[in-house]
Amino acid sequence: MGFKLTPIDVVDDISREDFYQNYLKPRRPVVIRGLTRNWPARDKWSLDYMKETVGDIVVPLYDSAKADPSAPINAASTEMRFSDYIDLIKREPTDLRIFLFDPIKHAPALLNDYVFPKELMGGFLDRYPTLFFGGAGSETFLHYDIDMAHIFHTHFGKKHIILFDYKWKERLFRIPFATYALEDYHVDNPDTERFPELEGIEGIECFLEYGDTLFMPTGWWHWMKYLDGSFSISLRAWDESWVVKAHSLWNLTVQRKFDDFMKARFKARYMNWKEQLACKRARRAWERGLPR
């Protein structure tokens, strides 16, 4: 049977009080369809607009291949001129993605096209938020964000998303000293004969349309698939918990530096050990009926 997925809550609009009580405080995802209603981006942003506005810069690209054991996390697989990449994802399916892209420093006019949803919460982090681009069929591997921020993820196109609460981390085969999962199973169609530990894990399924915003609370695991050539913008905000802030600092400093050092020194041997440990932890959690 695989995962137990339930549809995400979807609202057209939401008050600050309802948002806090029903989603921010309990840290539960929701799609807000009308959040971008007053954004200039809702009418302006398209692949052609981005191509024209950002210009002909060279950008790093990422594919779906398994990570190089010796490479630092988020190492690009190739690069391409931005205009050529936009032409590519308009023309045909591809697994190449642009990840954590900051086009605004090349096109500051984009700053005027979106609005931070401060009517819902405070603590926003970035003056220059990141954008993500993908071709039809490209997937973002299952992971949670290393900085443990709340995310308002607005998509301009169509995207399929599956989310899991952080408490399922061991059953999802979390790789030690990292924020991603074992890449050997398909999140949208998991092989539970090979990976019985995945059976019955509870998740939330979401389909975004043009201009929809997904609120993704801190620590939520997410897998994403582009259903067409399209792009997203993520606005990040701190969680009010100092425990979460400390977790973020640990991830970004001690854990990341240790992991990069070990990968550079021991390469495939280190990665094999991490994957074996992820499998042992998943089996142990499954046998104990965790999480409860």
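The values are calculated or read from the model by the stated rules, or taken from the named source; none is laboratory data. Because the structure is a prediction, the values reported are computed rather than measured. When we count neighbours, we look across all protein chains shown, and the Cβ atoms used for this are built from the backbone with ideal geometry, even at glycine. For the accessible areas, the whole protein counts, side chains as well, though only heavy atoms, and no ligand, DNA or RNA atoms are used. Shrake-Rupley method; radii C 1.70, N 1.55, O 1.52, S 1.80 Å.
Could you list all residues from the stretch 79-99 that are surrounded by fewer than 20 Cβ atoms within 10 Å (Cβ to Cβ) and either part of a helix (DSSP H, G or I) or among the aromatic types (Phe, Trp, Tyr) (or both)?
Ser83, Asp84, Asp87, Leu88, Lys90, Arg91, Phe99, listed by residue number.
Of the residues Leu290, Leu252, which single one is in contact with an Asp or Glu (Cβ under 8 Å, 6 or more places away or on another chain) and either closer than 22 Å to Arg171 by Cα or open to solvent by 90 Å² or more (accessible area, probe 1.4 Å) (or both)? Reasoning before the result, please.
Numbers: Leu252 fails: either closer than 22 Å to Arg171 by Cα or open to solvent by 90 Å² or more (accessible area, probe 1.4 Å) (or both).
Of Leu290, Leu252, the one residue that is in contact with an Asp or Glu (Cβ under 8 Å, 6 or more places away or on another chain) and either closer than 22 Å to Arg171 by Cα or open to solvent by 90 Å² or more (accessible area, probe 1.4 Å) (or both) is Leu290.
Residue under question is Asp102, and the condition is that it be touching a Pro at 6+ places or on another chain (Cβ under 9 Å) and either at positive phi or of a type in the set (Asp, Glu) (or both); does it hold?
Working: touching a Pro at 6+ places or on another chain (Cβ under 9 Å): yes; either at positive phi or of a type in the set (Asp, Glu) (or both): yes.
In short, yes.
Please indicate, with yes or no, whether at least one residue in the stretch 201-211 is over 30 Å from Lys90 (Cβ atoms) and outside any strand (DSSP E or B). Can you show your working first?
Narrowing the stretch 201-211 to residues over 30 Å from Lys90 (Cβ atoms): 201-204.
Next, from what is left, pick out any that are outside any strand (DSSP E or B): 201.
Checking the stretch 201-211: at least one residue is over 30 Å from Lys90 (Cβ atoms) and outside any strand (DSSP E or B).
Exactly one condition in (1) over 12 Å from the mean Cα position of the chain (by Cα); (2) open to solvent by less than 30 Å² (accessible area, probe 1.4 Å); (3) not aromatic (Phe, Trp, Tyr) is not met by Lys158; state its number.
Unmet for Lys158, out of (1) over 12 Å from the mean Cα position of the chain (by Cα); (2) open to solvent by less than 30 Å² (accessible area, probe 1.4 Å); (3) not aromatic (Phe, Trp, Tyr): (2).
Name the pairs whose Cβ atoms lie under 9 Å apart, with the first residue in the stretch 170-198 and part of a loop (DSSP other than H, G, I, E, B), the second open to solvent by 40 Å² or more (accessible area, probe 1.4 Å) and of a type in the set (A, V, I, L, M), and 6 or more positions between them or separate chains?
Glu170/Leu290; Arg171/Leu290; Ala178/Ile73; Thr179/Ile73; Glu183/Ala67; Thr192/Met1
As an exercise: evaluate Met121 against (1) in a loop (DSSP other than H, G, I, E, B); (2) at pLDDT 95 or above; (3) farther than 24 Å from Lys245 by Cα and give the number of the one condition it does not meet.
(3)
State which residue is nearest to Phe141 (Cα to Cα) when the search covers only the stretch 219-245 and only residues that are modelled with pLDDT under 95 and surrounded by fewer than 17 Cβ atoms within 10 Å (Cβ to Cβ).
Lys245
I'd like the full set of residues that are among the hydrophobic types (A, V, I, L, M, F, W, C), surrounded by fewer than 19 Cβ atoms within 10 Å (Cβ to Cβ) and farther than 16 Å from Ser83 by Cα, limited to the stretch 100-115.
Scanning the stretch 100-115 gives Leu100, Ala109, Leu111, Val115.
Any idea how many residues of the stretch 10-26 are in a loop (DSSP other than H, G, I, E, B) and either modelled with pLDDT under 95 or open to solvent by less than 80 Å² (accessible area, probe 1.4 Å) (or both)? Break it down stepwise before answering.
Of all residues in the stretch 10-26, those in a loop (DSSP other than H, G, I, E, B) come to 12-15, 25-26.
So of that shortlist, the ones also either modelled with pLDDT under 95 or open to solvent by less than 80 Å² (accessible area, probe 1.4 Å) (or both) come out as 14-15, 26.
Selection size over the stretch 10-26: 3.
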